[in-house]
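The values are calculated or read from the model by the stated rules, or taken from the named source; none is laboratory data. On a predicted model such as this, the values are computed, not experimentally measured, just so you know. Note that each Cβ is placed from the backbone with ideal geometry, even for glycine, and that neighbours are counted across all protein chains shown.
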Amino acid sequence: MVQSKKIRSKSFPGNLMDAPWQLSVLLGLVALFALEWVLPNIVAGNLILESIANGISAVAWVFYGLFFLLALVVYASALSSQSNQQKSNAKTGASGKESATSKHSPPSPITAHSAQIEPEPDKAKTATQDTAISSESPGELPNIGEHGEEGDYELPIKPTEWSIEVIKNIKLEKFMGVCLRFYQESGIHSERIAPGLDRGIDILLYQNDTETPTAIVKCATCGTGPIEPRSIRELLGVMTHENIAKAFFVTGGHFSEEAKTIAGCHRITLINGGMLLMMINRLPEEKKHSLLEFATEDDSTNHRNIG
């Protein structure tokens, strides 16, 4: 028995949601023109219809506003869909590269040996260790875990592109160096406060070749919560003590709303992790890659490269 399916036709707003946003703007302009100028001219001479037309004409901008609002919703929806598609494509490309790499990798000596002979349980560990020691090429060493079993441990992937995760995982000392090098790569004369001098600031910025700093920079890594107002007030105190009117607070995390309010009243520019990522991505490709290498160089021996 074939079940009948009821097909509901979409409403007019639903059809506009599926259409390009330019269509909604165009319809809004047509409605405005028709209600504001065309309709009054058509009913001119008829007292009743003319009064009705004048009333409709008075709210013509409301109709245009509705169409314009619908266009904004469609445009925002299109941007969101495009962003999600790009993220999906990026993940698919990354998984495809890892899959291709695994297909072309030669089998490890232990895997080949295990496919031919399954050793007895009490001899498995000895056979695994003997095979690993007898391997001549370092590239063919199997993945031996802490307990001597293959596959227990895998080297983490060294990032090849800047991301918010990379910024959040940088330790404080290295994060200060990244901020300093960013300003230098951007052509700004900057100096790092000498280690051990706890002045409440980390970097001094100079305008042109002046010997007096014109701005100061405070760095903070990503913690478990937002940067609170106390840290902003401490930086404000340093500005007063150093007689410097401008400051930047850079973090891999984010700021609380109260901290933003205080900073906005005292010429303190707040740079969170997302904004820092955007600023780094604006650098030339060579400088951006060099900064990434600097940010991850301490862990270069504990990563495996991809890409």
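Within region 173-227, if we keep just the residues that are in contact with a helix residue (DSSP H, G or I) (Cβ under 6 Å, 6 or more places away or on another chain) and in a loop (DSSP other than H, G, I, E, B), the residue that is surrounded by the most Cβ atoms within 10 Å (Cβ to Cβ) turns out to be 201.
Summed over region 228-252, residues that are assigned to a loop (DSSP other than H, G, I, E, B) and either surrounded by fewer than 17 Cβ atoms within 10 Å (Cβ to Cβ) or outside the structural domain of residue 182 (by TED's automatic domain parsing) (or both) total 4. Among residues of region 30-49 being in a helix (DSSP H, G or I) and in contact with a helix residue (DSSP H, G or I) (Cβ under 7 Å, 6 or more places away or on another chain), the one that is nearest to residue 13 (Cα to Cα) is 31.
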